[in-house]
Amino acid sequence: SPVIDKEKDEQPDGVVGDEECVDPLVPFDYAGTEVLEKDAYPDITELVTQYYNATLSADMETLEMIVSDSSLIDQSKLAAQGSYIESIDNLICYTVTKPTKDAFRAYVYYDMKLTGIETPAPALSALYVTLASDGRYIIYLSGLDADTHNFIEEADQSEDVQHLKDLVNERFE
């Protein structure tokens, strides 16, 4: 875990502390923890960025390449989202690694700019990322086995993830 000087509310490497993370005037830059790693896997951060860009532009060709089953994506929902979401910015990918080290639970922070609203809305979503048979990481949308389901449940309920959720919710309010 990062060491935080409670009096100064600063962390190493210039990363802002909790109080600043909830201030909408300061860019969100939560450092994460040893369990909840911030942008620790460039391939996964790039995959998640591709995913959000493709969903925003309803690019099914790209989505077919980066998800486990594109038939589970509702194209009409994507089109509707594109009509009210102008952009997704400041994307930060926090990951919890599965003990087998072949999959991750990704918690994705981003600022969502909605049409007609000046201030971007902070958002947090969760994805399951795994290795495809060809060795590429993909976003897994299909059914889960019990082991994977348990991993996701444990990650979602962990203290580290709950803290991240609380920061984003406070920032949203």
For this session: Select from the range 30-43 the residues that are in contact (Cβ under 8 Å) with a residue 40 or more places away in the chain and within 20 Å of L131 (Cβ to Cβ) and write down the one among them that is surrounded by the fewest Cβ atoms within 10 Å (Cβ to Cβ).
Result: D43
For this session: Pick out the one residue from E46, E64 that is open to solvent by 80 Å² or more (accessible area, probe 1.4 Å) and within 19 Å of the chain's Cα centre (by Cα).
Result: E46
Exercise. If you go through the range 67-80, how many residues are assigned to a helix (DSSP H, G or I) and surrounded by 14 or more Cβ atoms within 10 Å (Cβ to Cβ)?
Worked result: 2
Exercise. Out of (1) surrounded by 15 or more Cβ atoms within 10 Å (Cβ to Cβ); (2) within 12 Å of the chain's Cα centre (by Cα); (3) part of a strand (DSSP E or B); (4) not aromatic (F, W, Y), the odd one out for S125 is which?
Worked result: (1)
Exercise. Since E118 meets every condition but one in (1) within 18 Å of Q50 (Cα to Cα); (2) in a loop (DSSP other than H, G, I, E, B); (3) acidic (D, E), which condition does it not meet?
Worked result: (1)
Exercise. When both residues are 6+ apart or on different chains and their Cβ atoms are under 8 Å apart, which pairs have a first residue that lies in the range 94-112 and is more than 15 Å from L127 (Cβ to Cβ), and a second that is open to solvent by 30 Å² or more (accessible area, probe 1.4 Å) and hydrophobic (A, V, I, L, M, F, W, C)?
Worked result: D102/L131; D111/I88; M112/I88
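The values are calculated or read from the model by the stated rules, or taken from the named source; none is laboratory data. From a predicted model like this one, the values you see are computed outputs, not experimental measurements. Reconstructed Cβ throughout: ideal geometry from the backbone, glycine too, with neighbour counts over all protein chains shown. For accessibility, only protein heavy atoms count, side chains too; no ligands or nucleic acids. Shrake-Rupley method; radii C 1.70, N 1.55, O 1.52, S 1.80 Å.
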